[in-house]
Each structure stands twice: as C-alpha cells, then as structure tokens.
Amino acid sequence: MPTLETLVKIALLIAGLMTAAAYLVLVERWVAAWIQDRLGPNRVGIPLTKVRLFGLGQPIADGVKFLSKEECTPAYVDRLLYFLAPIIMFVAAMAAFAVVPIGSVLPIDVEIDGTTRPIELVVAPGVDVGTVFVFAAGSIAVFGVLLGGWASNNKYSLLGGLRSGAQLLSYELPLGLGILGVVMVAGSLRLETIITQQAQSGVWNAAIEPLGLLVFFVAGFAESGRLPFDLAEAEQELVGGYHTEYGGIKLLLILVTEFLHMFIASFMIVILFFGGWHLWGLTGSGSEVTWPVAIIRVLVLLGKVLLTILFFMVARWSWPRFRFDQLMTMAWKVLLPLGLVNLLTLAVWVEYGDRVSRAMGLPPLAVMAVCGWIVLIVAWAVLAWALPNTTDNRPRRESAGEL
Amino acid sequence: MKRDDPGKGDRHLLPTGPDGCFAQKVPVPVSRAKLRWIEEPKLGPAGRTYLPLFLGGLTTTLRHLLGRKVTVQSPEERYSPPDPLIYRGVHRLNRDAEGRVKCVACFLCATACPAHCIDIVAAESPWPDREKYPQTFNIDELRCIFCGMCEEACPVDAIELTSLYDLSGKSREEMIFDKAKLLGIYDMTKDAEPMRSSRNGG
Ligand code: SF4
Ligand code: SF4
C-alpha cells in the first residue's frame, strides 16, 4: 500500500530529477563551451522580456523545442519495440532512484502500521538489497539500447546497439567487483548502512580501498556511456548510434535517461566511496538529527554529487574515445584483475585485519588505508609492466599477406 | 568525360567485382620492396601507467576552462574579418570603368562551381568589345558553399566574394540573387573593398 509519504517522495523525486536533468544539460553546455574557449548559452532569460539571467531560461526553451518537434517515425521500424525502447530505458533509470538516499532523515516522526519512525529521505527506505537493486535496474538499460538499435532498422543504430550491449555487459563485472569490496567492508547491502558506517568511522571508503574506487569509477563511467566510453553513439562513426532514428519526445526521453545514468553513477560513487552525506565536523554521524543538520546533510550529499558530475563533464573533453578493442582490453585485462586484487585484499583484511593491527598496536583503519594504497600502486605497476606497450592493432606485417 | 561525374573516368579502370563495387584486391602500383611499415612509437615506463596522458588531458581542459574566451557577442558586437580581401562572403558582380557588367558570360564560374548554384543565360553583347554578356545571372546563395571556386575561375575578374557574412532572408526565392542584386552589392562594397585583383597588380 503506497502511503501518502511515499507518494509525496516520489513526486518530489521525479520533479527534482527532471529539473536537475534540464539544468545540468545547461551546465554541461556551459562547461563544454568554456573548455572550447566559447561563452556558451547566455541569452535566453525570462520569456518575452529582454532579461537574460545568464541563459538560465535555456532549459525551458530546449524543452519547448523538443516537445513541439515533428513526431516522425521512420517507415521501416519495428513499431512496438521502437516505442518501447526509450520507455524501458527511462523507467529503469528512474526506478533505480527508489533506493538511493538523497540525505539521511528528517526530524519529523510519522506513524505507520503502529510504529513511529522519522521520515527517511529515500523513496523506499530500508531496502536490504539496495545496492543490488540499483545495479539490477541500471543493467536493464542494455535492453533499451539493444531494442532501440534493433527496432530502428538502421545499420548505424544496430552497430551502436551491439557495441553498447557488449560494453555494458563487460563493464558490469568490474562494477560489481567494485561494489562487492564496499559491501564486504560495510557488512551490508543497504545504502543507508554503508553511509552510516563511513560516517561513524569518519573514514571514507575512498581512503581505505582506493583500488576499488578506481575500478568502480572507470566502470561507472563506462556504464553511463559517456566519453571516453561513448562508443554506442560515437557521432563521428555512427551518426548517433542507437538513437539515430529517434526524434522529438522519444529522443528527449533517451537523452534524459543518459543524464539519469550519469546521476546514478555519481550518486553511487559518492555514497559508496565518498561518505554520502557525511562531512567531518559539519554533519555529525548519528541518526538523531535536528533541522539544520538534516538540511546540511542533503546539501553535502548533493554538493558531492554535483562535483562528481562536473568531473564527468570535464572528462568528456579531456580524453579521446577508446577504440573498441581497447575498451574490451580495459574491461577484461585491466579492470577485472584489479577488481579481483581489491576484493582479495579486502577479504584478507576483513578476516585478519583486526588481529594484525591489534598486534601492531595501530588503529585498524589506518593500517587498512596504508595497505589499500600500497596494493593500488603495486597492482597498477604490475599491470603497466604486463600489458603490451603499444596500441597497434593492425594485422602484423608477416600475416598481412598480399596487399 | 561528363563534368558532372568527376573522377568517373579514372575509376572505371580499377577492377570491379560482380556487384560493381571495387574488387577486394586493388593492385598497388608500387613494389613490395618499396613499402615501408611504420611502427607505432612504443610507450615508455611512464606512458604505460597512463598517468601522463591522464594528467595531460585534464590539464589541457582545465587550462581552457579558465582561459580567455573568443566568442564575439553578435549582433551587439560585430565581427570584422581580419583581411576582408580574402574573406569568402556574399558574391558581387563587378562593373568595368564604364559601369557595365564585366562578365563575358563564359560560364567558367558555373562550370567550376561544385554546388551548381550559378545559372547564367548568355546573350549577344550590345557592346563592341566582347561577343557575349549575361542576360541573366542568378546565384542561389542558399546552395552556395562559399568555396570561392567561381572567383578563382573567372578570367576577367567579374565575380568576386565580399566580406559580407551575415546574409539572411525570409524566403528561399529571396535568397536567389539576380544580376541587379549582385551588381548592387558591388556598388555597396566597392569603396570598402577594392577589386581583389587590383591588389595583385590589376
Ligand atoms: S563560392 Fe563556390 S559554391 Fe558558391 S557560387 Fe562560387 S563556386 Fe559556387
Ligand atoms: S567566369 Fe566570370 S566572365 Fe565567365 S561567366 Fe562567370 S562571372 Fe562571367
């Protein structure tokens, strides 16, 4: 039975996410423009006046443009799948947010089924498999991409869909390994617990398992399909990839979904590795909160997420796109071993860590952090030494045969 | 060879497969001994860790993020081409010393135009110094790609590109410039922009 509380939260979340997506498109365009030495959108302000507001009206204009565009469906598409694909992607991406905490709790008690508890800032509080749920909902995206690519009946779309399918499947593995490490340390799959555990110890997971962060970060980038991992829609090669044949509101759905994937990735990075709403000396760590603390926690979390998203946006212009074989090498020969090493280290730590550090007379987390960083450096160095020192993938001279 | 299919004449010499596409093995007209296989440079120890590339990309973007912007705030600010004499904007048809159109209707510009946007109707010239002159001379500015080939091709420097870059109109018909309009552009720009060839000795 959905309660009023849940309905209100869902409404707020959807409204918030859509607004955020609209404005982050503007931010993305600004960042892109500034990096290219341009000014970016700075004209659209309040409609019908000459007030410019640094271009803050741009999202409205963009939205109106998308909605009023001609709704055109190519003749040879598989109509059912063609319309289904963007909807599947969008719904799955939105669903993932059901378990993502946007803060900690509000200091108002509500009574449900006879028990009194404070309002938690998450649509579905207390989901014990929160991490797995986000992960599962995120991987449904691959259906949308594949269906969209297939249903469009277009070579470029199909190629984009296939590439994306292979990419998403490959990177799910390192992504899972990155999450597993965190789950092992926290001893729970609940996102709220993972945050609380970091807040109470005061040490973020990024410090104690940098290798896990690295693996998760790169895999998260790849899962959200942004440059340098945007092979699915490489404009220079595939026109628009799997959404070449989409236009109007369907394209809008797909583009918003891509932004939602980036949000999810950023939220997960912040929650799993950067302490969620925790900031030393500002947010406290208990479950009893006052209004100011509750609000500060939300702001801290959103601030961290915004910084991560900004990094995503800057990264887009910083490195060239991977070639497909490099992409696969990255997943299977780099991230997978690194993830396994990370998991192994943490497993050993969870088993013996306490005893070792007690014997040495040092705080466990400090020892763990030092171990984590040493493992990162050693594993990276070994990998750098072991991988081929050229990226040449042409057929070799001997096997090239006749020209 | 028909001018409309550039390159067709060379291409049919290549062997083609049954479907008309090029056969798989196109003979390379060099001996294998002369071929040089260029190897990619090997990565050094630092390069193998990917850190220099990672930091290099990031510093470049951050430098530009904070750097000076080059946007010109048109229409409040006007962009002026650094050298208007080599800018490729709207066309004009030049007049000679007596104010007549210089063009001799030789069709070289229309032939050179890759966008096929010049349409000329030639007529017998009323003047004794040439045989033909253009009765009508239309350029579809919407089709034009402003490549400057017409200017290159003209033997009498009759057609030139000016430095007017912001041309706009309310209909497609309006954007097909006729002879009068093109001559008008000459009258409009002749003071600011002398004939280009005059700079090169006339
Ligand atoms: S500038 Fe190029 S495209 Fe335009 S009319 Fe001249 S030749 Fe044709
Ligand atoms: S090339 Fe020059 S002279 Fe010949 S038709 Fe064109 S404008 Fe006239």
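The values are calculated or read from the model by the stated rules, or taken from the named source; none is laboratory data. In this text, all values refer to a predicted model and were calculated from it rather than measured experimentally. Cβ placement follows ideal geometry from the backbone for every residue including glycine, while neighbour counts extend to all protein chains displayed.
The table for this structure:
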{"item": "Filter result for B:Ile176 (within 13 Å of ligand 1 (Cβ to nearest atom), farther than 30 Å from B:Ser74 by Cβ and without any contact (Cβ under 8 Å) to a residue 40 or more places away in the chain)", "result": "no"}
{"item": "Residue list for segment A:343-359, restricted to those being of a type in the set (Phe, Trp, Tyr) and crowded, with 18+ Cβ neighbours inside 10 Å", "result": "A:Trp349"}
{"item": "Residues within segment B:158-170 that are within 14 Å of ligand 1 (Cβ to nearest atom) and either without any contact (Cβ under 8 Å) to a residue 60 or more places away in the chain or under 14 Å from B:Asp96 (Cα atoms) (or both), tallied", "result": "3"}
{"item": "Qualifying residue in segment A:125-147 (condition: closer than 30 Å to A:Leu299 by Cα and touching a strand residue (DSSP E or B) at 6+ places or on another chain (Cβ under 9 Å))", "result": "yes"}
{"item": "Segment A:17-54, residues that are away from chain B (no Cβ under 14 Å) and modelled with pLDDT under 85", "result": "A:Val44, A:Gly45, A:Ile46, A:Pro47, A:Leu48, A:Thr49, A:Val51, A:Leu53"}
{"item": "Count of segment A:64-84 residues which are part of a helix (DSSP H, G or I) and closer than 16 Å to A:Lys155 by Cα", "result": "1"}
{"item": "Residue that is of a type in the set (Val, Ile, Thr) and under 30 Å from A:Leu282 (Cβ atoms), where the choices are A:Val132, A:Val110, A:Val142, A:Val91", "result": "A:Val110"}
{"item": "When residues of segment A:106-138 are limited to those that are among the small types (Gly, Ala, Ser) and either touching a residue at least 60 places away in the same chain (Cβ under 8 Å) or outside the structural domain of A:Leu231 (by TED's automatic domain parsing) (or both), the one farthest from A:Glu288 (Cα to Cα)", "result": "A:Gly138"}
{"item": "Filter result for A:Asp62 (assigned by TED's automatic domain parsing to the domain that holds A:Gly248, at pLDDT below 85 and of a type in the set (Asp, Glu))", "result": "no"}
{"item": "Per-region count, segment A:288-319, residues in contact with a helix residue (DSSP H, G or I) (Cβ under 8 Å, 6 or more places away or on another chain), of a type outside the set (Gly, Ala, Ser) and within 12 Å of another protein chain (Cβ to nearest Cβ)", "result": "6"}
{"item": "Residues being among the polar types (S, T, N, Q) and part of a strand (DSSP E or B) - total across segment A:104-145", "result": "2"}
{"item": "Helices (runs of 4 or more DSSP H) wholly inside segment A:228-338 containing at least 3 residues that are within 18 Å of the chain's Cα centre (by Cα) and closer than 26 Å to B:Leu62 by Cβ", "result": "A:248-273, A:291-318"}
{"item": "Verdict on A:Thr329 being within 14 Å of another protein chain (Cβ to nearest Cβ), of a type in the set (S, T, N, Q) and surrounded by fewer than 18 Cβ atoms within 10 Å (Cβ to Cβ)", "result": "yes"}
{"item": "Residue within segment A:195-211 that is in contact with an Asp or Glu (Cβ under 8 Å, 6 or more places away or on another chain) and hydroxyl-bearing (Ser, Thr, Tyr) present", "result": "no"}
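The rows are residues; the columns are (1) exposed (fewer than 15 other Cβ atoms within 10 Å of the Cβ); (2) among the aromatic types (Phe, Trp, Tyr); (3) within 10 Å of ligand 1 (Cβ to nearest atom); (4) within 14 Å of chain A (Cβ to nearest Cβ).
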{"residue": "B:Arg92", "(1), (2), (3), (4)": "no, no, no, no"}
{"residue": "B:Ala97", "(1), (2), (3), (4)": "yes, no, no, no"}
{"residue": "B:Lys102", "(1), (2), (3), (4)": "no, no, no, no"}
{"residue": "B:Ala105", "(1), (2), (3), (4)": "no, no, no, no"}
{"residue": "B:Cys109", "(1), (2), (3), (4)": "no, no, yes, no"}
{"residue": "B:Pro114", "(1), (2), (3), (4)": "yes, no, yes, no"}
{"residue": "B:Ile118", "(1), (2), (3), (4)": "no, no, yes, no"}
{"residue": "B:Ala123", "(1), (2), (3), (4)": "yes, no, no, no"}
{"residue": "B:Arg130", "(1), (2), (3), (4)": "no, no, no, no"}
